[in-house]
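The values are calculated or read from the model by the stated rules, or taken from the named source; none is laboratory data. Everything quoted here is computed from the prediction, not taken from an experiment. FYI the Cβ positions are ideal-geometry reconstructions off the backbone, even for glycines, and counts take in every protein chain you see. The accessibility values were calculated without ligands, DNA or RNA, using every heavy atom of the protein model including side chains. Shrake-Rupley method; radii C 1.70, N 1.55, O 1.52, S 1.80 Å.
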Amino acid sequence: MTEEEIPGTQPGAMTGAMTGAVYGMLFLLGLALGVVGAFEHSWYAGVVPAAALGWLLVLFAVPYGMGRLMGGKLAAVAPALGWLVSSFMLATRQPAGDLAIAGDASGFWYLYGGAVAVAAAVLATRSTGSWLLRSS
């Protein structure tokens with residue numbers, strides 16, 4: 001039996017579910033980047049925050065690459081939002097007084113430079129058209 005012959009199913013129903021799952025995974029990828037980056041951004045090479053600057057390249061490349069692979073800005077926005085949520089949550093002081101992203105040069109480069117990097121990646125991603133208007 002084909003998908004068209006099964007009552008209650010439509011062709012392309014699994015495509016929509018798969019696309020939603022991919023966007024969810026991209027958001028989780030952004031969350032993971034934020035958590036790892038929050039704890040690994042503070043390595044210095046002399047006085048230069050080398051790890052924070054390296055993370056800026058990663059934070060541009062991942063959303064831009066995902067947007068190019070999926071063919072739309074939404075695929076670039078998903079990991080960018082995941083990174084923003086986790087990074088800014090880890091930059092706030094917790095009730096015990098702890099925070100993962102300190103207020104030093106590497107923290108500022110990672111947090112604010114990263115926000116600029118993900119925004120630039122989303123803006124640089126070309127969209128092949130609206131997924132709402134695409135016929136399947």
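Binning the C-alpha pair distances of the range 14-97 at 5 Å intervals from 0 yields a P(r) profile of 3, 15, 20, 21, 15, 12, 7, 4, 2, 1, 0 %, listed from the shortest bin outward.
Calculated on C-alpha atoms, the gyration radius of the range 46-136 divided by its Kirkwood radius gives an Rg/Rh of 1.10. Once C-alpha pairs closer than 8 Å and six or more residues apart are averaged by separation and normalised to the residue number of the range 32-108, the relative contact order reads 37 percent.
Summarising the label geometry, the points placed 7 Å from Cα in the beta-carbon direction at residue 48 and residue 25 lie 3.6 nm from one another.
Quote the FRET efficiency, to the nearest 0.05, computed for residue 92 versus residue 124 with a Förster distance R0 of 25 Å and r equal to the Cβ-Cβ distance.
Working: r = 29 Å, r/R0 = 1.16.
Given R0 = 25 Å and the Cβ-Cβ separation, E is 0.30.
Per residue, the range 34-115 exposes 52 Å² of solvent-accessible protein surface, assessed with a 1.4 angstrom probe and all protein chains in place. With a simple spin-label model that places each label point 7 Å from the Cα along the Cα-to-Cβ direction, the separation between residue 15 and residue 115 comes to 3.9 nm.
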